[in-house]
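Below: the structure, in structure tokens.
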Protein chains: 2
Amino acid sequence: MIPKNNSSKMFLEIVKQLRDLINEENVAVGGKLPSERELAERLQVGRSTVREALRSLELLGLIETRRGEGTFLSDYRKHQLVELLSTFILQESKSKEDVHKTRETLEKEAVRTICVSDTLSKHSIWDSFLIKLNTEEVLREDIIREIIIISDNRLTLKIWFLLKQFAGEPYKKLMSLEEKDIWIQLLNSFKNGDEVSTINLYIQWLAIIQSEQIS
Amino acid sequence: MIPKNNSSKMFLEIVKQLRDLINEENVAVGGKLPSERELAERLQVGRSTVREALRSLELLGLIETRRGEGTFLSDYRKHQLVELLSTFILQESKSKEDVHKTRETLEKEAVRTICVSDTLSKHSIWDSFLIKLNTEEVLREDIIREIIIISDNRLTLKIWFLLKQFAGEPYKKLMSLEEKDIWIQLLNSFKNGDEVSTINLYIQWLAIIQSEQIS
DNA sequence: AGTTATGAGTGGTCAGACCACTTTGAAATA
DNA sequence: TATTTCAAAGTGGTCTGACCACTCATAACT
């Protein structure tokens, strides 16, 4: 059952045993795990081995450790996995073009999702944005961010935030009158639920931004 | 620059420094990293701290260690991250759904990209797939993967590979006759460049897979 | 009662010691 | 000379014991 001085990968075994322990003892999110020293004794391994397993889980965002307090099961729905892998991945495929395209893909899909949903497309927030667009200055990213959030896919939201950081921020600018006009049409288009024309408006807006990038 | 005996999270710092080291020294996939003892000396930390960082990266599948040989940069899309995280985390139905939806978004966009491109939509590979579909068994993921690859966005490709691992592999199955029929239509539809009907075929195919998941 | 000091418990780090394994190259052998 | 053997060096895997820095509960003191 317990691979002791066997070949390789004790710490992986510990990771699994930790998972089992969490399940068996019904450790709730935010709940406390046994201390490193106690785990070492219970699992019959050295503390350093326990730590290697714990540190791995911490890097994955599965647990959280607070010096002087202990180790806690963290809310893994905020998995920082994405951030981690992104630092490794984005460095390699550093083509700005790819980042742009991928981000636009996510944005388009969010627009679609809202458009075809009866509830989301009639969300009161669009009305407040319509008022804003008509009366004050609006940041480009503000409205896009809201669309991604409302479309309710946390993973997409995470990725989008990351890509936005790498993208060199044309979204930090204020909208021109022309852009505002497009967005007013777009938000109104939500209510009609016409996917194609809504997407066309979004693409139209993208074209404005891109032409600006060139100049 | 170097946070020495500072508060908390030294090993996270080491993770970053390792990433930088890999980039600076241009360690290729499969290439060898410095030994733990050498890293400890170079980064001016204890060996156990280095190990905690390395073990974390190993659990992520970013590196591979072989006792007696050394530590090697591995192909990140391998390794057990999958089953571990799926047993730990992705039980959350919402997370699962988010992963699915995001993956489908990327796939749809790849289909669109190919469809609207004169060059890509006429790529000879689609003809060979048509033959394959008519004559032999085809894995679901094979054809999807090719579509993502041809659509030529490396970032999307990387994200897609990761998501695919999380998805619990309905894509590892062979296509039914019904599915093959849809794909034959879809590939033919590439040549017509009709985006809407092509996407509809893809969505039709998704529906088949989803209905199978339920049963 | 309110404040302060102390000690126990916890994670963070280090150094040194073995072990198990692989590679390497020199010595022994054919 | 060519081959085999094996001992040493190098590497990851693990354990131990020792500090440090921090938190918290509680005892001690005002």
query = Regarding residue B:52, is this residue near DNA strand C (Cβ under 8 Å from one of its atoms) and farther than 26 Å from residue A:64 by Cβ?
reply = no
task = Within region B:161-187, count every residue that is modelled with pLDDT under 90 and of a type in the set (S, T, N, Q).
result = 2
message = Suppose we keep only residues that are within 7 Å of chain B (Cβ to nearest Cβ) and surrounded by 20 or more Cβ atoms within 10 Å (Cβ to Cβ) within region A:99-108. Which one would you say is modelled with the lowest pLDDT?
response = A:99
key: From the options B:39, B:57, residue that is modelled with pLDDT under 90 and within 16 Å of DNA strand C (Cβ to nearest atom)   = B:57
Residue in region A:196-213 that is surrounded by 14 or more Cβ atoms within 10 Å (Cβ to Cβ) and more than 19 Å from residue A:105 (Cα to Cα) present = no
ask   = Do we have any residue at all in region A:132-140 that's closer than 18 Å to residue A:108 by Cα and either of a type in the set (S, T, N, Q) or within 25 Å of the chain's Cα centre (by Cα) (or both)?
value = yes
query = In region A:117-151, which residues are surrounded by fewer than 17 Cβ atoms within 10 Å (Cβ to Cβ), in contact with a Leu (Cβ under 8 Å, 6 or more places away or on another chain) and within 14 Å of chain B (Cβ to nearest Cβ)?
reply = A:149
ask   = For the subset of region A:19-36 comprising residues that are of a type in the set (A, V, I, L, M, F, W, C) and either in contact (Cβ under 8 Å) with a residue 60 or more places away in the chain or away from DNA strand C (no atom under 12 Å from the Cβ) (or both), which member is farthest from the other protein chains (Cβ to nearest Cβ)?
value = A:28
message = Need the failing condition index for residue A:137 against (1) touching a residue at least 60 places away in the same chain (Cβ under 8 Å); (2) outside any helix (DSSP H, G or I), just the number.
response = (1)
remark   = Result of the Cβ filter at 7 Å on region A:112-126, keeping first residues that are within 18 Å of residue B:105 (Cα to Cα) and partners that are β-branched (Val, Ile, Thr), at least 6 apart or interchain, is A:112/A:199; A:114/A:147; A:114/A:150; A:115/A:198
request  = Give me a count of the residues in region B:42-58 that are in contact with a strand residue (DSSP E or B) (Cβ under 9 Å, 6 or more places away or on another chain) and of a type outside the set (Lys, Arg).
outcome  = 3
ask   = Where residues in region B:48-77 are in contact (Cβ under 8 Å) with a residue 40 or more places away in the chain and either near DNA strand D (Cβ under 6 Å from one of its atoms) or not aromatic (Phe, Trp, Tyr) (or both), which of them is surrounded by the fewest Cβ atoms within 10 Å (Cβ to Cβ)?
value = B:75
request  = Scan region B:45-73 for residues that are assigned to a loop (DSSP other than H, G, I, E, B) and within 10 Å of chain A (Cβ to nearest Cβ) and jot them down.
outcome  = B:61, B:62, B:67
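The values are calculated or read from the model by the stated rules, or taken from the named source; none is laboratory data. Treat the numbers as computed from the prediction; the structure is a model and nothing was measured. Methodologically, a virtual Cβ is constructed for each residue, glycine included, from the backbone with ideal geometry; neighbour enumeration extends over all protein chains shown.
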